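Contents: one structure, followed by commentary.
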Amino acid sequence: MAKQTFTKLVDDFTGEPIEDGTGRTVRFGFDGAEYEIDLSNDNIEELSSTLERYVRASRRVSGRSRGRSSGSSRRSSGGSGETAAIREWAESQGLKVASRGRIPADIVERYKNR
């Protein structure tokens with residue numbers, strides 16, 4: 001039996017569905033913690049404009065350079081959809097994998113080479 005898994009983004013601020021190309025996951029840090037939030041383009045613009053004066057007054061200590069496109073924020077190991085698929089596959093193979101956190105590299109490699 002074949003199984004397909006689809007990921008649908010929902011604006012975490014409004015609860016409204018985000019259609020393809022009309023929003024994305026935004027990653028940011030504050031006070032030593034990193035966060036991710038799924039937002040529509042309108043809410044991304046609102047967040048950006050709200051934070052802009054603070055960002056302009058601050059010092060960059062790490063992070064992406066401005067040369068990267070905004071669509072490249074996901075790691076190459078895949079997003080939450082692939083992570084969920086890897087966990088499901090690992091469990092079907094009798095491999096123990098935590099429900100949260102990093103998946104061991106050997107399990108990810110076995111999944112990709114299946």
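Where a number appears in this text, it was derived from the coordinates with a stated rule and is not lab data. Bear in mind the structure is a predicted one, so any value in this text is a computation, not a measurement. Every residue, glycine as well, gets a Cβ built from its backbone with ideal geometry; the counts of neighbours run over all protein chains shown.
Quick notes on this structure:
- Gain on full stretching of the segment that runs from residue 96 to residue 13 - 0.36 nm per residue minus C-alpha separation: 26.5 nm
- In this rough spin-label picture, where each label sits 7 Å from Cα along the Cβ direction, the residue 36-residue 4 distance is 2.3 nm.
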